[in-house]
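Chemist: One structure, as structure tokens, below. Some questions next.
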Amino acid sequence: MEVTAGTRHQVTVDGKFFRLGENKFFVKGLAYGPFAPNAAGQPFATPEQTVTDLELIAGLGANVIRVYHTPGKWFLDLAGAHGLKVLVDIPWNKHLCFLDQAEHRTKAADAVRRAVYGCARHPAVFAFSIANEIPPDVVRWTGVNRLTSFLESLVEEAKRIDGECLCTFANFPPTEFLRPANVDFHCFNVYLHQEPALRAYLGRLQMMADAKPLVLGEFGMDSLREGVEHQAEFLSMQVEAAARAGLAGAIAFSFTDDWWRGGQQVEGWEMGITTRSRAAKPAYAALQGAFARAPYFPLPRTPKVSVVVASYNGDRTLDACLNSLEKLHYPDYEVILVDDGSTDSTQQIAARHPLARCFRHERNLGLSVARNTGIAAAQGEIVAFTDSDCRADPDWLYYLVGDLIKSTFAAMGGPNLLPPEDSPVASAVMASPGGPAHVMLTDTQAEHIPGCNMAFYRWALEDLGGFDPVFQTAGDDVDICWRLQQAGYKIGFSPSAFVWHYRRSTLPDYLKQQRGYGQAEALLVRKHPEYFNALGGSIWRGRIYTAAKFGLQLRQPIIYRGLFGSAGFSSVYAVEPANSLMFVSTLEYHLLVTLPLWVLTVSFHYLLPLALTSLLVSIGFCVAAGCQAALPRNKNRWWSRPLVALLFFLQPVVRGWARYQGRLALRSAEFAQRETLDSALLHYSEQNLREMQYWTEQRIDRISLIGDILRRLNQQNWPNKPDSGWNEYDVELQGGRWSNVQVITVAEEHEGSKQLIRCRLQPRWSLPAKAVFWSLCGLQFLVLGLTAPSIRWVMLSLLLIPAFVWFLHHEHRKLQSLARAFIDSAAKDWHLVKVVPNSEGGPRPGAGPSTQPQPPAFGGHQTNS
């Protein structure tokens, strides 16, 4: 039975936090009870005692009380009269193996129904906890998946009765792997007495909570064993740690030492901030002081921050962006708007926001140039960036700067969340591939932070020379993150420093964005080839956090529960999705597998089932991805998952096509620019370009020589992939569109300090070359398989492959000549003497290590270095 709506002052979820009306609602809570049954048989104090207790709790500055039984209307009325909200723990027999018997399952569901229906949308209700601390051995016996599904069904039952109520599951460290997907916020009971361990664990829980609020459901200390003064210090520290970690609140256990459990009074534990007789302990005053300061504990310092917003024709969301930046809870910041040649109403909107200093480019110069303009105008010690299609949470800078200044990080990022008012199409786009995501190396250190939410010390940006202007629409954030880490700096992540990010709301806009990302990837591959695989896919060391599922989740996380399931803190090791399955949705799969199969079916009809299977595998993967997409409950339409499946199919094709177009165009242009007279002479000579040898009378460090070659390559913007420790080469040089060359060196030690440095240039086919070669093989197979092939087509097909192989040999030699001329130049500066090898690979007789070699010309001229 659904409860009818009534007048209520309801707490709602607002990103990583809660909101009550127009104001944020930070949970300052206290556990209350359970007590010995009163005259009515309820596990609550008498109404008279309850009034006295609630007055003490309200005087504490608390705004939430947590009760462990469903309260009656009288209790909720009293709580509301004292300005308190109630977190209701719904009791049922969770200590039993309840999923083994239908009777127990029914009783649990009935308990949830009675609790939600009995509270009847009372304005004093904060949320319902559908379970509290399920024993780990029961979880182990039942199975994680079955139990998680059952908890989700209880949440659905509560939502069926009251669709607006907030629901959670009060978890604790032994079962932290239980994560019902449909809870409104995460709640954890944590009893850690060491501050460093507590802060580290809260950071772990924040990453688990992801885009939802996190509440510390219970924390406390026994004053009988630890002492009342230590208890006071500890509770104050806990509240501050939770607030600084960006939690949405914390609930102390408990109000009083008077505590009833299991049908009897609890003895030997004094967890309350008051005695059994309600006399205040020192913890009462300490908690009162902490609640008064929470959640905005003073930062160690508040350096000036320059917030830079680069906008190009972003008037649709710019006003909301600037409005949000005017309401930040941070004492010292400025807003810099860079209008990058917009032709819409950007200037009119900027005029309505005098807080923002506006700089305008007369024409569109690109995102990186616009951000560099903002950096040049910045007056702050820290430069933060967001986009015109974002609006910042009021506490964005408080958490972003707070986490930055207390760490050794040079940059800090945060999450970007879907605004609640965004469209259902935007919700589907959020769950589709290609959106902005953060990549985490640890719970606090990031490998990548999205450009819509990032901050840097200005000195770090100046040290890097700002953003690379070559990135005009995207890719600038990836490039700056990689360059920052290559310079020896680290990037942090602040989970509560979030911005709301509007997604693309139409299919054409989404595909246009993905084309831009593909073009940016082509630039990134050219500049950072070591971060990409052979197919052009990026290689990340960390874990990608995004609403889109990268690959299918075929296995559950690996859980270490301790010996016989006895671990106090379980370790959960996330299993990476089956990313290899994503290959069946890529452009390469369609070009190398599906398309050739369909072409071959023209002559070989028996291949039709295989061709159909190839296409259906790709479609099936996209459908499966759509089925497991994480969509917001209120944005899920009948067409949402089919749309996600369609985007999973289209996105890799559109983005991959743009990436290859950009890569081929860049390679051809750069290849032609690097040709010199020296390389041309080598190209058309009869010399063996595969191997070179250099003689030195004084020993040199081969690693330093390779480092110098890499430095020269980077200075000339020659894309290269150095050895990562797992390769069989020192560096791979990217050539034209058809070839690469791998460089490997070895140092031979000779008498004295003499050395012979040998260098091998091993050509390799590029991916387009391989694709064309196998396509020609398929074409020849098709022609020869025809019933009555024309002799003309047979001869043509037989000539195509040798002609293409000859062409590739020509391209390989051209690239080898460029590489050899480049390395010869570096060797000359190192005072190395070139040695002409004989046909067996050794030095030419008379020019060996025992005699002074006569080197051939560098650049076509004889020299003695």
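Chemist: Under the Kirkwood approximation applied to all pairs of distinct alpha-carbon atoms, what is the hydrodynamic radius of the range 373-526 in Å?
Modeler: 16.1
Chemist: Using amide H atoms built in the peptide plane, which far-off residues or other-chain residues are under 5 Å from residue 86 H to H?
Modeler: Residues meeting the criterion, in which the H sits 1.01 Å from N, are 65, 125, 126, 127.
Chemist: Same structure again: Read phi for every residue in the range 259-267 and hand back ³J(HN,Hα) as whole Hz from Karplus 6.51 cos²θ - 1.76 cosθ + 1.60, θ = phi - 60°, with x for Gly and Pro.
Modeler: Here the 3J(HN,Hα) series is 8, 10, 8, x, x, 8, 6, 7, 10 Hz.
Chemist: Another one. Which percent, nearest 5, of DSSP beta bridges in the chain are antiparallel?
Modeler: 55
Chemist: Please say if the range 582-664 is rounded, prolate or oblate, where rounded means a/c under 1.5 for a ≥ b ≥ c the square roots of the C-alpha gyration tensor eigenvalues, and otherwise the choice is prolate for a/b larger than b/c and oblate otherwise?
Modeler: oblate
Chemist: Whole number in Å², please: accessible area per residue of the range 422-485, 1.4 Å probe, ligands, DNA and RNA not counted.
Modeler: Dividing the accessible area of the range 422-485 by its residue count gives 26 Å².
Chemist: Could you please tell me the mean projected area of the C-alpha convex hull for the range 178-302, averaged over all directions and given in square nanometres to one decimal?
Modeler: 9.4
Chemist: Pairing the Cα long axis of helix 640-673 with the longest principal axis of the chain, what angle in degrees results, from 0 to 90 and rounded to the nearest 10?
Modeler: Result, in degrees: 30.
Chemist: Additional query: Skip the ligands, DNA and RNA, and give the accessible area per residue of the range 192-326 with a 1.4 Å probe, whole Å².
Modeler: With the other protein chains kept in place, the range 192-326 gives 38 Å² per residue.
Chemist: List the residues, sorted by chain then number, that are 5 or more residues from residue 691 or on another chain and whose placed amide H is less than 5 Å from its amide H.
Modeler: 761
Chemist: Along each of its three principal axes, how wide is the spread of alpha-carbon positions in the range 360-415, in whole angstrom units, largest first?
Modeler: Projected onto the principal axes, the Cα atoms of the range 360-415 cover 40, 22, 16 Å.
Chemist: Taking a cut-off of 19 Å between Cα atoms, list the lysines near residue 814, but don't count ones fewer than 8 places away on the same chain.
Modeler: 770
Chemist: A follow-up question, please. Loop-only check: which GluC sites (Glu not before Pro) in the range 206-294 are DSSP coil with at most 11 other Cβ within 10 angstrom?
Modeler: Loop-located and lightly packed - 267.
Chemist: A further question on this structure: From the Cα gyration tensor of the range 265-424, with a ≥ b ≥ c the square roots of its eigenvalues, which class applies: rounded if a/c is under 1.5, or else prolate if a/b is larger than b/c, or else oblate?
Modeler: Prolate.
Chemist: Moving to a separate point now. Per residue of the range 390-397, what does 6.51 cos²θ - 1.76 cosθ + 1.60 with θ = phi - 60° give for ³J(HN,Hα)? Whole Hz please, x for Gly and Pro, Karplus curve as stated.
Modeler: Values, residue by residue: 10, 10, 8, 5, x, 9, 3, 6 Hz.
Chemist: Now, a different point. Run the Debye formula on the Cα coordinates of the chain, all scatterers equal and no solvent, and tell me log10 I(q)/I(0) at q = 0.07, 0.09 1/Å.
Modeler: For the requested q values the scattering log ratios are -0.70, -1.01.
Chemist: For the range 241-326, build the convex hull from the C-alpha positions and give me its volume per residue in Å³.
Modeler: Per-residue hull volume (Cα only) is 180 Å³.
Chemist: Subtracting the Cα-Cα distance from 0.36 nm times the residue separation, let me have the gained length for residue 806 to residue 753 in nm, one decimal.
Modeler: 14.7 nm
Chemist: Given a 1.4 angstrom probe, I'd like the percentage of the accessible area of the chain that is carbon and sulfur, rounded to a whole number.
Modeler: 57
Chemist: Full extension from residue 599 to residue 149: what is 0.36 nm times the residue separation minus their Cα-Cα distance, to one decimal in nm?
Modeler: Extra length from residue 599 to residue 149 when fully extended: 157.4 nm.
Chemist: Would you kindly derive the ³J(HN,Hα) couplings of the range 93-102 from the backbone phi angles with the Karplus curve 6.51 cos²θ - 1.76 cosθ + 1.60 (θ = phi - 60°), listing them in order in whole Hz, with x for Gly and Pro?
Modeler: 7, 6, 7, 8, 7, 5, 7, 7, 10, 4
Chemist: Further question: Which GluC sites (Glu not before Pro) in the range 353-446 sit in a loop by DSSP (not H, G, I, E or B) and have at most 14 other Cβ atoms within 10 Å of their own Cβ?
Modeler: In loop regions of the range 353-446 (DSSP not H, G, I, E or B), the sparsely surrounded GluC sites (Glu not before Pro) are 362, 421.
Chemist: With everything on Cα atoms, drop me the angle between helix 791-829 and the longest principal axis of the chain, reported from 0 to 90° to the nearest 10.
Modeler: 80
Chemist: At 222 nm, what helix-only mean residue ellipticity would the chain give, in deg cm²/dmol to the nearest 500, using -39500 (n - 2.57) for each DSSP H run of four or more?
Modeler: Helix-only estimate at 222 nm: -12500 deg cm²/dmol.
Chemist: By how many nm would the segment from residue 313 to residue 776 lengthen if fully extended, with 0.36 nm per residue of separation less the alpha-carbon distance?
Modeler: The residue 313-residue 776 span can extend by a further 162.1 nm.
Chemist: Moving on. Based on the Kirkwood radius over alpha-carbon pairs, what value in µm²/s does the Stokes-Einstein equation return for the translational diffusion coefficient of the range 427-509 at 20 °C and 1.002 mPa s?
Modeler: Stokes-Einstein gives a translational diffusion coefficient of 150 µm²/s.
Chemist: Would you report the distance distribution of C-alpha pairs in the range 1-154 as whole percents per 5 angstrom bin, up to the bin with the largest distance?
Modeler: Taking all Cα pairs of the range 1-154, the binned fractions are 2, 8, 16, 19, 18, 16, 12, 7, 2, 0 percent.
Chemist: With every protein chain present, what is the per residue accessible area of the range 24-100 (1.4 Å probe, Å²)?
Modeler: Per-residue accessible area for the range 24-100 comes out at 35 Å².
The values are calculated or read from the model by the stated rules, or taken from the named source; none is laboratory data. Treat the numbers as computed from the prediction; the structure is a model and nothing was measured. Methodologically, a virtual Cβ is constructed for each residue, glycine included, from the backbone with ideal geometry; neighbour enumeration extends over all protein chains shown. All accessible areas refer to the heavy atoms of the entire protein, side chains included, with ligands and DNA or RNA removed. Shrake-Rupley method; radii C 1.70, N 1.55, O 1.52, S 1.80 Å.
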